[in-house]
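First up is the structure itself, then whatever we jot down about it.
Every read-out reported here was derived from the displayed coordinates using simple, explicitly stated rules and does not represent laboratory data. From a predicted model like this one, the values you see are computed outputs, not experimental measurements. FYI the Cβ positions are ideal-geometry reconstructions off the backbone, even for glycines, and counts take in every protein chain you see.
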Amino acid sequence: CSKCQISGKWKNDHGSTMSIGSVDSKGGFEGSYLTAVSSTNNDITESPLAGVQQLDDEPTVGFIVKWISINSVTVFTGQCFVDENGNEVLETIWLLRSPAGVRTDNWKATRVGRDVFTREL
Ligand SMILES: O=C1C=CC(=NNc2ccccc2C(=O)O)C=C1
């Protein structure tokens, strides 16, 4: 049975790409995220990411991106599947947390969404 590993290069439906290093014996990994989402400055900066995955064939995963351009973080969680054609698909749901100027704005500081990542060939 084919195994879906998070290491390597992925791209999402926005065209953002992430590059993930090797997975250690505890399922830990690090990598970098290159967003295609238009941010304020257009200089190409990679944002660091770190996360963990289970060690079975289609592992659940969680990782966090610390955005370089603004003081936001995004946490992704999901699962790595091998689809019917043998291609790897990383299904995720994310929470994007932006800084609230004041605590009374805390209620509107977290956004949620879905992102599907496929292998960037
Ligand atoms: O300066 C910033 C701040 C936030 C960003 N969020 N990107 C995301 C948030 C959720 C899911 C996907 C992405 C993406 O960039 O692909 C990107 C650049």
ask   = With a 10 Å Cβ neighbour count serving as the proxy for reagent exposure, in which order, fewest first, do K9, K26 appear?
value = K26, K9
query = In whole angstrom, how far apart do the alpha carbon centroids of region 1-35 and region 62-101 sit?
reply = 10
inquiry  = Percent of Cα-Cα pairs more than 24 Å apart in the chain, please.
reply    = 27
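Do any GluC sites (Glu not before Pro) in region 1-99 lie in a loop, going by DSSP, with at most 11 other beta-carbon atoms within 10 Å of their beta carbon, and if so which? Kindly include the intermediate steps, with their values, before the conclusion.
Working: sites: E30, E46, E84, E88, E91; in loops: E46, E84.
Within region 1-99, the qualifying GluC sites (Glu not before Pro) (loop, at most 11 other Cβ atoms within 10 Å) are E84.
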key: Net charge of Cβ neighbours under 12 Å - reference P99; Lys, Arg +1; Asp, Glu -1   = +2
task = Note down the net charge around I20, summing +1 for each Lys or Arg and -1 for each Asp or Glu among other residues with Cβ under 9 Å from its Cβ.
result = 0
request  = Could you name the lysines whose alpha carbon sits less than 29 Å from that of K9, not counting residues in the same chain fewer than 8 places away?
outcome  = K26, K66
task = Please give the direction-averaged projected area of the C-alpha convex hull for region 10-72, in square nanometres with one decimal.
result = 4.7
